[in-house]
1. Past the 28 Å Cα-Cα mark, which pairs from LYS53/LYS333; LYS109/LYS137; LYS43/LYS375; LYS137/LYS307?
2. Suppose a student asked you for the relative contact order of segment 290-347, using Cα pairs under 8 Å spaced at least 6 residues apart; what percent would you report?
3. Kindly provide the Kirkwood hydrodynamic radius of segment 397-502 in Å, to one decimal, from all pairs of distinct alpha carbon atoms.
4. Please work out the average accessible area per residue across segment 1-107, using the 1.4 Å probe convention, and give it in Å².
5. Averaged per residue, what accessible area in Å² does segment 390-481 show with a 1.4 Å probe, protein chains only?
6. Can you tell me how much longer the chain between THR402 and ALA360 gets when fully stretched, taken as 0.36 nm per residue apart minus their C-alpha distance, in nm with one decimal?
7. Separation between the TYR226 and ALA82 pseudo-spin-labels, each 7 Å from Cα along Cα→Cβ, expressed in nm?
8. Would you mind calculating the relative contact order of segment 1-148 from Cα pairs under 8 angstrom and at least 6 residues apart, reporting the percent as a whole number?
Amino acid sequence: MASYLQIENISKSYGVKVLFDGIGFNINEGDKVALIAPNGAGKTSLLRILAGKDSSDSGGKILFLKDIRIAFLEQDYDFDPAKPVFSQIFENSTRWTAHLDPEQLEEYKRRIREFLTRLSLGDGSRLMGELSGGEVKRVALVQMLASEADFYIMDEPTNHLDIDAIEFLEGYLSHSRCTLFMVTHDRYFLDRVCNTVMELDRGQIYIYRGNYQNFLEKRAERIDLYNAETEKVRNIYRRELEWIHASPCARTGKAKYRKQAFKGIAERAADTYREQKVDLSETVQKSTYLGNKVINCKGLNFWWDGKCYLKDFTYNFQRGERVGIVGRNAAGKTTFLNLLTGGWNPSLGGEMTGVIDRGASLKIGYYNQSGMTFKPGQTVLETVSDTHLLSRFLFPHDMLTTRVERLSGGERRRLYLLTILMQQPNLLILDEPTNDLDIVTLDILEEYLLEFKGSLVIVSHDRHFLDRLVDHLFVFCGEGVVKDFYGNYTEYRTFLKDYEAEQRCELLLPGTTLKGKNAPRSFRQIPLEGSSRKEKRRLTYKEQQEMKALEARLPELEAEKAALEAALSSGTLSPAELQTASTRYGSLAAELDEAEMRYLELLEWL
């Protein structure tokens, strides 16, 4: 197995803060590595050095295997808002296309269009400036995946993506033979894609083969062993301290050597491993009293630029309720939160009808996607003046005068979270709260929210986060339709798969239903009071033809999928054939899902 990347002696510091010093590691062909570290530890800095966007302070060696193709997905995608999506991607791909002949160039364009379809970006004619943040992230992914690079370097690839896009990317990468090095906080994504966890801890690298749970177990063992060794060093330190304090005549001829070694022993003896964790235990233990009325919505409608984002929505939020909100990017989730919180300003555009009645005792804490606003030059201490709370949120004394704009993305998010929680709200509305937060902070935030006595409304693409915290889901289906599903996200996806399986069964074998363990559960997806299903109407001629084409196409896709699964598990494919089959399998699953969903949509009109 070829070594794709060798790293030796690279370092990075910012001022007096040392991120990592003299680190080295190796990544082999086929490795899929997740880099984990606390916010501000240098994850993005390390990725930028590997991608050639930054340099190591100590020189060192970064050696990629000759002629392998490397693609880098940064957290922020630089684009021209006036360019169409397809042009943005194609013109940014010159490093891949400059050497291609006309036939290869057409194949490259075909791949771009294929991934645009898989990631629900249409034909690429929309302008970049018209896209939502999640859609921009999907454009960046299309550009990366179309390259068919050998080695992907990815910084938080799931940030701002809706769950459908995450699951597509998850399926594609898990079946691809690519080599991958990425930073992610998405625990489900990590477990299903990666075979190695690399930890950046206190400036050093530790590698764990296996999944996230294995990492947690082995990491705990490493820390226990380190602390046990510290106890041994402390015993040596006590003996050496007695010798240092002894009279000169009692010392041996090795006094100079022992004195020089004593300093190192003293430093090691004092170095017990204490993991830094955000402490929420005393920060916001109480929420403000919340009466019986939280937020009552009646006949709520919202349009923007001729598009309906909310249609006939009627719902009374309850005290202690925990609602998750899911749906595709640009389906109106954030708009809905802005309406609930009173953040929508009619002067900025849009039209709302209906009633939103908020309780007199309601105190909303709204954590929005855009993050907190701060003045240039504003420091951490000027943002939050309570040094005790700052310390509990891992902002020690030497960081208090740090300007907010110099914090890492995760550190800014953590500071923003503190400003929300310290208000002691009784309704927490969280819009993508997991973006940029490290996994340790996420675990602690989840534990806090499980004990939170107020109401919760959460928009999130983090499936683990939703599974632990919500009782039911508002599913934004598009065209203003919102449906309520009683259960967490995994239960919702299981329900959808069962329902789609029954629809396929009926399609392929009319009059039959699934039996036994494969039978779908009861239909628990309930239209909200006041919302309506699509009115019955006749299909247009074009839609009738589309439906006939889908009826013919779906069995073909199912047969191709079964054939690919058999080929991939046969062990007879050459490396090149295996790469081709794996790539096709990843795209085929998304194509099949999209075709099934479109067929079901057409069925609803019959």
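The values are calculated or read from the model by the stated rules, or taken from the named source; none is laboratory data. Here the structure is a predicted model, which means the values were calculated and not measured. Quick reminder, even Gly has a Cβ in these numbers, built from the backbone with ideal geometry, and neighbours come from all protein chains shown. Note: areas computed on protein heavy atoms with side chains; ligands, DNA, RNA excluded. Shrake-Rupley method; radii C 1.70, N 1.55, O 1.52, S 1.80 Å.
1. On the way: LYS53/LYS333 35 Å; LYS109/LYS137 19 Å; LYS43/LYS375 26 Å; LYS137/LYS307 22 Å.
Pairs exceeding the cut-off: LYS53/LYS333.
2. Numbers: 58 pairs, mean separation 16.7, N = 58.
Relative CO of segment 290-347 lands at 29 percent.
3. Numbers: mean 1/r = 0.0628 Å⁻¹.
For segment 397-502, the Kirkwood estimate is 15.9 Å.
4. Working: 5540 Å² over 107 residues.
Each residue of segment 1-107 exposes 52 Å² on average to a 1.4 Å probe.
5. Values: 2790 Å² over 92 residues.
For segment 390-481, the per-residue accessible area is 30 Å².
6. Details: separation 42, 0.36 × 42 = 15.12 nm, distance 3.88 nm.
That pair, THR402 and ALA360, stretches by 11.2 nm at full extension.
7. Roughly 5.3 nm, to one decimal.
8. Values: 182 pairs, mean separation 33.5, N = 148.
Relative contact order here is 23 percent.
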